[in-house]
1. I'd like the orientation of helix 72-81 relative to the chain: the angle between its Cα long axis and the longest Cα principal axis, in ° from 0 to 90, rounded to 10.
2. At 222 nm, what value in deg cm²/dmol follows for the chain if DSSP H runs of at least 4 each add -39500 (n - 2.57) and the sum is divided by all its residues, to the nearest 500?
3. Mind sorting out which of [x] 65, 64, 40; [y] 66, 48, 46; [z] 70, 45, 36 is the real Cα extents along the principal axes in Å computed from the coordinates?
4. Give, rounded to the nearest 20 debye, the magnitude of the charge dipole that the chain has about its Cα centre when Lys and Arg contribute +1 at Cβ and Asp and Glu contribute -1 at Cβ.
5. Enter the accessible area of Tyr75 (Å², nearest 10), with the probe set to 1.4 Å and all protein chains included.
6. For the charge dipole of the range 171-267, defined by +1 on Lys and Arg C-beta atoms and -1 on Asp and Glu C-beta atoms about the Cα centroid, which residue among Thr225, Ser254, Met240 has the Cα displaced farthest towards the positive pole?
7. Averaged per residue, what accessible surface does the chain expose to a 1.4 Å probe, in Å²?
8. I'd like the antiparallel share, as a percent to the nearest 5, of DSSP beta bridges with both residues in the range 238-395.
Amino acid sequence: MCKLTKEYSCILITEPRQVGKSTMLGHIDSTRNKVTLDDLQERNLAKNDPEMFLKLHKTPILIDEVQYAPELFSYIKIAIDNGAEPGSFWLTGSQSYKLMSLAQETLAGRIAILNLTTLSQHELYSNGELLPFTLSLDELKQREQLCEKADVGSIFERIWQGGLPGLASGKYTNRDIYYSSYLQTYLSRDVKEEMPIKDDSKFIDFIRAVACRVGQELNVHSIATDVEVSDDTAKRWLGMLEKSEVIFYLHPYSNNLLKRVVKTPKLYFFDTGLVCYLTKYSNAEILQNSSINCAILENYIVAEIRKSYLNSGKEIYMYYYRDKDQAEIDLILEYDGELHPIEIKKSSNPNSTMVKNFEILSKSSLPVGLGAIVCMKNSITALDSKTLIIPVWCL
């Protein structure tokens, strides 16, 4: 962030609700002018007279919830083109899809865009620099030294707790009230600005139905049937959840040499604590022995790997594989011109049968590098020369 501030006149940070962007930026630069467009008077001025708004609020400035006044973008562009200093504008917002569209349309080539996520396992339980997760053995051994070890019970405690700063910091202690308020705020501030919702409880039931399907291939009709809405309504609501960064998708890997792959994405939540609240698991021990324990472990691991790239400002290329013969690979990372297959297991004693589908990728147009099993093993080791074994706590 500090490096980018020296290079770009404008930086945009997007995030899901309650991830703590304003608090983080306040720690980075406490002297910067700050204005939030949650303030209706400031919002009206920014929308109706953006030129005057920017005259009143001198740079360097932090404008919070900038999505409420898209009219500002054109005037920020003018300021940059007229020589605004690096670091002049920090913009934040909680609806990344809308913000990204506005920024890319109006400030193309003039803005650095960062995605802030919920707190990662590394931020909560480890120390040192967070690097993008790869299967480099040297980097993994470095991670092993920085990360706090955890057994199966502790991993599920981390999954159940989630990564929202309000709970992770201990600021709020009543978990149910926190998540209930989080959802109500999300409804009133984000969803209803995008689309009409006549029945709030129906929409909450919809989010709960989606949470019950983490780690599964998306089946819109099944979700719609569960909550008695049309498929079109379910698609619109899923789009809203994705735009607001409540959920994300993992798309299937395919190329011309792999003919029989499925085309449907798999569905994940950004925060596993929210999944546990929605699916009504009251503690980590019950979750560990539940019917969704493997699916939510998969969600946790996929989300953690994704965070390691987003938090490093790096692009990530992640996929899964499944074909019409039901052969599956949980996760595929693509980097440096190679494919790296990964299996996710709750077991602490992985074996070669778990990676039998890795050989399918040999038919791909890209070479296959090291693979891995991410599991409950207590240290980094290897199954063979082609397959590492990596503890969940080491992500």
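1. Long axis of 72-81 versus the principal axis of the chain: about 80 degrees.
2. It lands at -11000 deg cm²/dmol.
3. Only one listed value fits the structure, namely [y].
4. 180 debye
5. Looks like 80 Å² after rounding.
6. Among Thr225, Ser254, Met240, the one farthest towards the positive end of the dipole of the range 171-267 is Ser254.
7. So the chain comes to 46 Å² accessible per residue, rounded to a whole number.
8. 60 percent
The values are calculated or read from the model by the stated rules, or taken from the named source; none is laboratory data. Predicted model, so just to flag it, every value in this text is computed and none were measured. When we count neighbours, we look across all protein chains shown, and the Cβ atoms used for this are built from the backbone with ideal geometry, even at glycine. Areas reflect the complete protein model, heavy atoms only, side chains present, ligands, DNA and RNA absent. Shrake-Rupley method; radii C 1.70, N 1.55, O 1.52, S 1.80 Å.
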